[in-house]
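Contents: one structure, followed by commentary.
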Amino acid sequence: MSTQRQTETIPEWKQREVDELADFLATYDSVGVVDITGIPSRQLQEMRSELHGTAALRVSRNTLLELALDEADGGLDRLTDFVDGQVGLIGTNDNSFGLYQQLEASKTSAPINAGETAPNDIVIPEGDTGVDPGPFVGQLQTVGANARIDQGSITVMEDSTVLEAGEEVSADLSNVLGELGIEPKEVGLDLRGVFADGVLFEPEDLELDIDEYREDVRTAAGRGQNLAVNAGIVTTQTAPLLLSKATGGAKSLALQAGIADPDVMPDLIGQADAQVRALAAEIDDEEALPEKLQDIETETTETVTEETDEDEQTDDQADAEPEADTDDEDDDDDGGDALGAMFG
C-alpha cells in the first residue's frame with residue numbers, strides 16, 4: 001500500500017501539477033500507466049497526435065504521478081505499483097480492451113542501439129544482402145551470421161540467429177543490423193496497467209484475438225439457440241424455429257397416422273401413389289394391372305432390357321431368366337388378382 005503523503009508541504013508549482021493530474025484522472029473512465037522508455041520526443045509528440053480524439057497522454061515526474069494517484073478516489077492508487085522508470089498516464093473513455101488494441105496497433109519498428117536488451121531473438125534472414133564484397137562479410141561472420149561472397153555479392157546462406165531475447169546488443173551487431181536495415185524492436189506506448197470500472201487490468205488480461213473471440217461468441221450463441229429450441233424455451237429468437245419444428249412434427253405424425261387433413265391430403269396422395277407405382281413395377285403380368293399402370297410396367301421392362309444389354313449378359317444368364325419367370329408365375333397371378341380387385 002502506498003504511503004500517504006502530505007501535499008500541503010510541497011511547493012506551490014508541484015501542488016498545481018498534482019491538481020492538474022487529479023483533474024486528468026477524474027476526466028476519463030479508464031486510466032492507465034504506459035511505459036515511454038526510449039521513445040524520442042518527436043515520436044512521442046506524433047503518438048500524442050495519433051491518440052487525439054480517443055485517448056490523452058500526460059507525462060510528469062513520477063513523484064507527482066504517485067501523489068495524484070494516491071489522492072484519487074475509487075482505487076486508482078493501485079496504479080502506483082506501475083509507476084517506475086519512464087512512464088506517463090493515459091486516459092480514455094473507450095473500454096480498456098479497445099485502448100490496448102489501439103496502442104499495440106500504433107507501434108512501429110525501430111533500430112536497436114548498442115547496450116540495449118534484445119526484446120526477442122534477432123535473426124539475420126537468408127538471402128542476398130545487396131552489399132558488394134568487402135570487409136562487411138567479416139563483420140557478418142563476427143556477429144554469428146553464416147555469410148559468404150556468392151555471385152559477386154555478400155550473401156547470408158541461411159537464417160542466422162545472432163542474439164537471443166534478453167541479451168545485450170553489442171556495438172558490432174548494432175552496426176551490422178543498421179547496415180542491413182533490420183529494425184528488431186518496436187517503439188510505442190507499452191501499457192503496464194489500466195484501471196476501469198473498479199477493476200485493474202494488466203496487458204495479459206487485455207490481449208485478445210478478436211477474430212477468435214468473435215467466432216467463440218458466434219458458436220456460443222448458436223449452441224444457446226439450439227438448446228433453447230430443444231428445451232422448448234420461447235423467446236423472440238426461438239419462436240419462429242419452435243413453430244416451424246412443431247409444424248413439421250405435426251405433419252409427419254399426420255402422414256404416419258393417415259389423417260385426412262386438408263393440409264396433409266396432397267402428401268398422403270403422393271405417398272400412396274408412390275407406393276402403388278413401386279408395387280406395380282414389381283408385377284410382370286400386364287393383364288393384372290389397371291390400364292393407367294400398364295405404362296409403368298412397360299417402362300420398367302424397357303429399362304431392365306436396356307440395363308441387360310449394357311451389362312452384356314452371357315447367353316447362359318439370358319436363358320436362365322425365363323425359367324425364373326416360369327417358377328414365379330403362380331405368385332404373379334395371385335398378386336395381379338389382388339391388385340385388380342383393389343382398382344376394380
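Structural remarks
- For the range 25-75, filtered to residues that are assigned to a loop (DSSP other than H, G, I, E, B) and of a type in the set (A, V, I, L, M), the residue that is farthest from Pro111 (Cα to Cα) is Ala72.
- Subset of the range 257-304 that is assigned to a loop (DSSP other than H, G, I, E, B) and surrounded by 15 or more Cβ atoms within 10 Å (Cβ to Cβ) - its residue that is modelled with the lowest pLDDT: Leu289
- One residue stands out in the range 76-134 among those that are among the β-branched types (Val, Ile, Thr) and in contact (Cβ under 8 Å) with a residue 60 or more places away in the chain: the one that is nearest to Ala55 (Cα to Cα), namely Thr92.
- Among the criteria (1) touching a residue at least 60 places away in the same chain (Cβ under 8 Å); (2) more than 25 Å from Ser49 (Cβ to Cβ), the one Pro203 does not fulfil is (2).
- Flag: Gln271 matches the condition of being over 29 Å from the mean Cα position of the chain (by Cα), more than 30 Å from Asn113 (Cα to Cα) and of a type in the set (S, T, N, Q).
- So Val123, is it under 30 Å from Ala72 (Cβ atoms), modelled with pLDDT of 90 or more and not in a helix (DSSP H, G or I): no
- Boolean, Leu44 is touching a Leu at 6+ places or on another chain (Cβ under 7 Å) and either surrounded by fewer than 14 Cβ atoms within 10 Å (Cβ to Cβ) or among the aliphatic types (A, V, I, L, M) (or both): no
- Counting the residues of the range 131-148 that are out of contact with any Gly (no Cβ under 9 Å at 6 or more places or on another chain) and over 27 Å from Pro119 (Cβ atoms) gives 5.
- Boolean, Leu57 is at pLDDT 95 or above and of a type outside the set (Lys, Arg): no
- Residues within the range 99-138 that are surrounded by 14 or more Cβ atoms within 10 Å (Cβ to Cβ), hydrophobic (A, V, I, L, M, F, W, C) and either closer than 22 Å to Glu207 by Cα or within 37 Å of the chain's Cα centre (by Cα) (or both), tallied: 8
- Within the range 173-218, tally of residues that are of a type outside the set (A, V, I, L, M, F, W, C), within 25 Å of Ala110 (Cβ to Cβ) and not in a helix (DSSP H, G or I): 11
- Residue in the range 8-24 that is within 30 Å of Asp211 (Cα to Cα), of a type in the set (A, V, I, L, M) and outside any helix (DSSP H, G or I) present: no
The values are calculated or read from the model by the stated rules, or taken from the named source; none is laboratory data. Remember, predicted model here, so these are calculated numbers, not experimental data. Quick reminder, even Gly has a Cβ in these numbers, built from the backbone with ideal geometry, and neighbours come from all protein chains shown.
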